[in-house]
Every structure is written in C-alpha cells, then in structure tokens.
Amino acid sequence: MDIQNIPIWAFILVGFVAQMIDGALGMAYGVSSTTVLVSLGVPQKFASAAVHASEVVTTGISGLSHWRAGNIHFDLAKNLLIPGVLGGVIGAYLLSNFEGDIIKPFVAVYLIIMGLIIIFRAFRSLAPREVRSWLLPLALGGGFMDAVGGGGWGPIVTSTLVARGNIPRFTVGSVNATEFFVTLAQSITFVIALGSGEFIKYGTVILGLLIGGAIAAPLAAFATKRLPHRPFMLLVGLLIVVLNVRTLILTLQ
C-alpha cells in the first residue's frame, strides 16, 4: 500500500486514539502508532522518526495538561529526565544506522511480566508508595527502547514504576511530562542522522498524528485525574499484556 495515497484524516484518527490511550494510561502512543505505520509499509526507522516528530507537540500538550490537572510528581520527573534523554539519543542514533527488531522479543517478555505484576497488585490491598531507587537505569533503558522500537518510554517506565507500587495517577503524569524532552532529543537525532528529506516525505503522516494527538491530549489528562486507583492499575496491566503478547507473536512468526 502506498502511504502517500492514504488521506490525512486516517492519521488524525490514529493519533487521536493513540494519544487518548497514552495520556490516560501513560503508554502506547508510540507502540500503537508505529504498529499501524509499519503495517502500512513504512520502514521501522522512518516510522519511529515520524511518530517521534509528531510526539514533540503531543507530549508537550500532554505534559502541560497533566501539570494543570495536578498529576505530576516533580521529583520523580526530574530523576527520569536526564537518563531518559540520553537513552533516547543513543537509541535514535543506533536505529538510524541499524535495525532494532532483534531485541523486540526480549522487551515484550519483560513487559508482559510487568503487566502481570500490575494486574496482581490491582487485586491486593497494598498501600501505594513512592519509588525512588533504580530510576537511572530504568529511564536510560526506557529512552533507548522508545527510540529503537518506535515506542516504549511509557510501557517500560510507567509499567515498572506502577508494578513497584507507585501511585498510577502521578506516575502517568510524571512520565508523560518527561516524555516531551525525551522525544525532542530523539527527533533532533533522527533529523541529523536520517536527513530532513525523509521527514518531508512523511509530512502528511506526521501532521495527521500531530493533529489527532493534540486534540486528545487534554481529554486524556482529565480522564487520568478521574480514574480510581484500582481499576486504573487493572487497565494499565491489561493493556501492557495484550500489546506485548501481540508483539511477541508477530516477532516470532
């Protein structure tokens, strides 16, 4: 299928749905958008570049919306910021020169385990807590996989923190806010490594994803503030497991 013949409203719809999920549950904008683009014939590296270019705006709006809704824990966001940006830059550079599909099955297995832990915790009466340890390697790995896989910052960072007991609302808000800076660094790296010509080629894709995501971001942040704690955890866990079982099946075929 020639992606140039697909109308922009289709990409607006993809961006809207992906951002509603991502903004409300802290993950899946990149994963879902990249999955659609790759299925339409866009190479992995260009799909990831296009998604991250659109995310510069959508994550900025999402982060601002979460700030206004009071969903951000600033100490957590600060500790995730620098290693997340560093991991994102390294991942974007490597993907621009190599293919990153080889590590997808391993990440999928890790995320399935994290999702199951979250579901388990949703049915237990455990008091939420603030997780402060091991944030540097978590953010570094999350930024790297986000660039390589076209998505992964939310699934890896959010799922791990919630599985360890962090309050879902503040985890989602903090991870979404930090994602703006991670995505900006990745996009700059992609432009330098791939050249601006490829971004012009996929301009309709980027613009459609951007418009859809920008419309959805404030709505999703509002939903995050209203969702109760236990059902929220259950939704996050189920989403992680379903998406990554699918990823695992497709990569092992």
Item checked: segment 38-63, subset modelled with pLDDT under 80, surrounded by fewer than 24 Cβ atoms within 10 Å (Cβ to Cβ) and of a type outside the set (K, R), residue nearest to P7 (Cα to Cα) -> L40
Margin query: Being closer than 16 Å to L161 by Cα and either among the hydrophobic types (A, V, I, L, M, F, W, C) or not in a helix (DSSP H, G or I) (or both): is that true of L76 here?
Written below: yes
Margin query: I'd like to check which helices (runs of 4 or more DSSP H) are fully inside segment 157-250 and have at least 3 residues that are under 15 Å from G60 (Cβ atoms) and either of a type in the set (D, E, K, R) or out of contact with any strand residue (DSSP E or B) (no Cβ under 8 Å at 6 or more places or on another chain) (or both).
Written below: 168-194, 203-226
Notebook entry, point to check: Within segment 182-190, can one find any residue that is polar (S, T, N, Q), under 30 Å from N5 (Cβ atoms), touching a helix residue (DSSP H, G or I) at 6+ places or on another chain (Cβ under 9 Å) and at pLDDT below 80?
Noted result: no
Note to self: Going through S62, S54 one at a time, which residue ends up being under 15 Å from the mean Cα position of the chain (by Cα), among the small types (G, A, S) and more than 13 Å from S187 (Cβ to Cβ)?
What the structure shows: S62
Margin query: Here are the criteria: (1) more than 17 Å from the chain's Cα centre (by Cα); (2) of a type outside the set (V, I, T); (3) assigned to a helix (DSSP H, G or I); (4) at pLDDT 85 or above. Tell me which single one G70 does not satisfy.
Written below: (3)
Next item on the list: Confirm whether A217 is closer than 21 Å to G149 by Cα and not charged (D, E, K, R).
Entry: no
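The values are calculated or read from the model by the stated rules, or taken from the named source; none is laboratory data. Just so we're clear, the structure is a prediction, and the values are computed from it rather than from any experiment. Glycine gets a Cβ as well: all are built from the backbone with ideal geometry, and neighbour counts include every protein chain shown.
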